[in-house]
1. Filter the stretch B:300-325 down to residues that are part of a loop (DSSP other than H, G, I, E, B) and more than 7 Å from every other protein chain (Cβ to nearest Cβ) and give me whichever is farthest from B:Ala255 (Cα to Cα).
2. Can you pull out every residue in the stretch B:326-350 that is in a helix (DSSP H, G or I), within 20 Å of B:Met268 (Cβ to Cβ) and not hydroxyl-bearing (Ser, Thr, Tyr)?
3. Kindly provide the set of residues from the stretch A:124-162 that are buried (at least 21 other Cβ atoms within 10 Å of the Cβ) and without any contact (Cβ under 8 Å) to a residue 24 or more places away in the chain, ordered by number.
4. Name the residue, out of A:Tyr28, A:Tyr52, that is at the interface with chain B (Cβ under 7 Å from one of its Cβ atoms) and either within 24 Å of B:Thr69 (Cβ to Cβ) or among the aliphatic types (A, V, I, L, M) (or both).
5. Would you call A:Pro90 touching a helix residue (DSSP H, G or I) at 6+ places or on another chain (Cβ under 8 Å), within 9 Å of chain B (Cβ to nearest Cβ) and modelled with pLDDT of 85 or more?
6. Does at least one position in the stretch A:118-132 carry a residue that is at the interface with chain B (Cβ under 8 Å from one of its Cβ atoms) and at pLDDT below 85?
7. Of the residues that make up the stretch B:359-368, is at least one under 25 Å from A:Ala179 (Cα atoms) and in a loop (DSSP other than H, G, I, E, B)?
8. Filter the stretch B:244-261 for residues that are among the small types (Gly, Ala, Ser), within 13 Å of the chain's Cα centre (by Cα) and at the interface with another protein chain (Cβ under 7 Å from one of its Cβ atoms) and give the result.
Amino acid sequence: MNANVKAVALILMGLFLYSRFFNGNLFYYISERFVWLTILASVAFIIVGLSYRIGSRHQHDHEGHSHDQFSWGGLALVALPIVLGLLVPPRPLGAAALTNRDVSVESLTSAAAPESNNVLARPKGERNILDWVIDFRQAGDPAAFTGEEARVIGFAYRDERFAADQFMVARFVVSCCAADAAPLGLIVQWPDSQTLTDDQWVEVAGHIEPGRFAGEAMPVLIADSITPTDIPERPYLYPY
Amino acid sequence: MSTVNVPSSPLELPDETYPDRTQAVVSSPAGPILSKSALRLLLLLFLLGFALVIGENDLTGSLGNRFQTFVTIFLSLFIEAVPFLLAGAIVAGFIEVFVNRELLTRFVPRHPILAALTGGAMGMVFPVCECGVVPVTRRLYQKGLPQSVGIAFLLAAPVVNPVVVASTYAAFGWGPILYARLGLSFLIASVIGLIFYLADPNEILLPETLESTSSVHHPAHAHGHGHHHDDLDHSPGAGLWQALGIAGDDFLDMARYLIAGSLLAAGMQTLAPQSALLALGGNAFTSILAMMALAFVLSVCSTVDAFLALAFANSFPPAAILAFLVFGPMVDIKSSLMFLRVFKRRTVAYLILLPFMVTLVVTVYLNLNVRW
């Protein structure tokens, strides 16, 4: 394999990673905690790529190393993330991933909700879906939050378990990257629920009341207003 | 196409110093290989285009959405892991240039048990995750590291290192999960390393891995071993750039396996329903199997898997969480694919099966006999 081709491949990899950060799509893939790693790696890729040029002035046995197994097929595989990343429009996980994860009532209220969390200190008006789910879980009583105002953002999701006037406003909770995403959601009571399509991002404002979903008692968000919104800059929630 | 790419390399080489190299490059059958790969690339692009058309089409919208989910998960695994693999490759490059065989032989104890334990603890010196550890291990093997030490290092380092200790502490605090994770990973890795002590390196390692460093150097270097030091004396930056160049080679070499593994893991995640696995949480035996399967399939980096395990801490017993935290870093889809670049196939099979069996036995025992 030609050293120039390798150098170009490495530099392109660095530029690709940087472009994900620059376009703001990086949050679709990894937790905000690891963004600095990606930036660091993109710089490192470019330096390593350049070393093929700079290094060759000092010494020449780069190509003497026994990496002849690295073929053009291998290069195609290395290029695959870049090609897929450029051709497939970036989108965060949505309702499709939720159907695959086969979200159950149990996971609606318990998955990815750590016991200890300092979000309780957050003002009630700013609480996100994860905060509410943790609160519900710790209270254990569907009526504990009756009457409290809530304003949350998430994507809409419905399946056959939902009543005609119900939908779920859902988010994925990500601790490392989208590969470990766990769905969370609040059941929303809204007369026009059926007009919402899956994956439509909405801001729901309303208040909490004890309700039922799929035969089980749980807190339900009674919507006063539903506002369609864009995908937020950070589509996932982080459990810390 | 072939005439554009190939000649640039011999041109920048000083021909008089490396006559045989130049010849080799020129005479390599670049033409046919290129067109074959060009065909492959075209095929790939065609498939992608096809997938995109499906994605835009409302009739088959759910298939398109699944593909989108697959791409997002694949890229997230790749983007999350790639800095760690690059870091590992850079460490490997520096080992190649700056660590000499004599130092390594002096550093590793002769006694087989002590040697295996050293391998298990070496992660404290090279803080790498399960992606980065593979290129590092391969370079250490080329520097003459005994295979038992290398295997203990390969299996233990993704857990027994300061970064992972810190992240596990952040997730679980000082407690049995943290101690047991460190202790078990260290012990299991050392024991498995010891098992390989008596094996013939030729049976275990790929020929390229066994290749000693000096023979990798071009025969034209009459002064052979002293070469690096000469170079370093003349221009201090040379060693650095050389290490980075080797890092680039190692990265590209390993990245294929990382990408293939991420594709597989993303495919499994897009198709297999996770709730089926999670339903097994109640049973002492199946809960552990489920968490180990989950660790294998998710292929999440060992530096962060503690946070992920936290999400399951409510629905699974502690020993199952421990199985996830001990087995996952040793073996998962993407790392075991990368093992293929270092070890022979049969060894890779053992390196998957042995940690699996030992972790299973130990954690099932803990599950049945220990109150947490």
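The values are calculated or read from the model by the stated rules, or taken from the named source; none is laboratory data. Since the model is a prediction, treat every value here as computed from it, not as a measurement. Cβ atoms come from the backbone with ideal geometry, glycine included; neighbour counts cover every protein chain shown.
1. Step one: list which residues in the stretch B:300-325 are part of a loop (DSSP other than H, G, I, E, B), which gives B:300-304, B:313-317.
Applying the additional criterion that residues be more than 7 Å from every other protein chain (Cβ to nearest Cβ) yields B:302-303, B:313, B:316-317.
Values: B:Ser302: 17, B:Thr303: 19, B:Ala313: 32, B:Phe316: 34, B:Pro317: 35 Å.
This residue is B:Pro317.
2. Here is the first cut: in the stretch B:326-350, the ones in a helix (DSSP H, G or I) are B:326-330, B:333-339, B:345-350.
The next check asks that each one be within 20 Å of B:Met268 (Cβ to Cβ); those that pass are B:327-330, B:333-339, B:348-349.
Result: B:Phe327, B:Gly328, B:Pro329, B:Met330, B:Ile333, B:Lys334, B:Leu337, B:Met338, B:Phe339, B:Val348, B:Ala349.
3. A:Ile134
4. Details: A:Tyr52 fails: either within 24 Å of B:Thr69 (Cβ to Cβ) or among the aliphatic types (A, V, I, L, M) (or both).
Of the residues listed, the single one that is at the interface with chain B (Cβ under 7 Å from one of its Cβ atoms) and either within 24 Å of B:Thr69 (Cβ to Cβ) or among the aliphatic types (A, V, I, L, M) (or both) is A:Tyr28.
5. Details: touching a helix residue (DSSP H, G or I) at 6+ places or on another chain (Cβ under 8 Å): yes; within 9 Å of chain B (Cβ to nearest Cβ): yes; modelled with pLDDT of 85 or more: yes.
Yes: the conditions hold for A:Pro90.
6. The initial filter retains those residues of the stretch A:118-132 that are at the interface with chain B (Cβ under 8 Å from one of its Cβ atoms), namely none.
No, the stretch A:118-132 has no match at all.
7. no
8. Residues of the stretch B:244-261 that are among the small types (Gly, Ala, Ser), as a first pass: B:245, B:247-248, B:255, B:260-261.
Then keep just the ones that are within 13 Å of the chain's Cα centre (by Cα); that gives B:255, B:260-261.
If the condition is that a residue be among the small types (Gly, Ala, Ser), within 13 Å of the chain's Cα centre (by Cα) and at the interface with another protein chain (Cβ under 7 Å from one of its Cβ atoms), then B:Ala255, B:Ala260 are the ones that fit.
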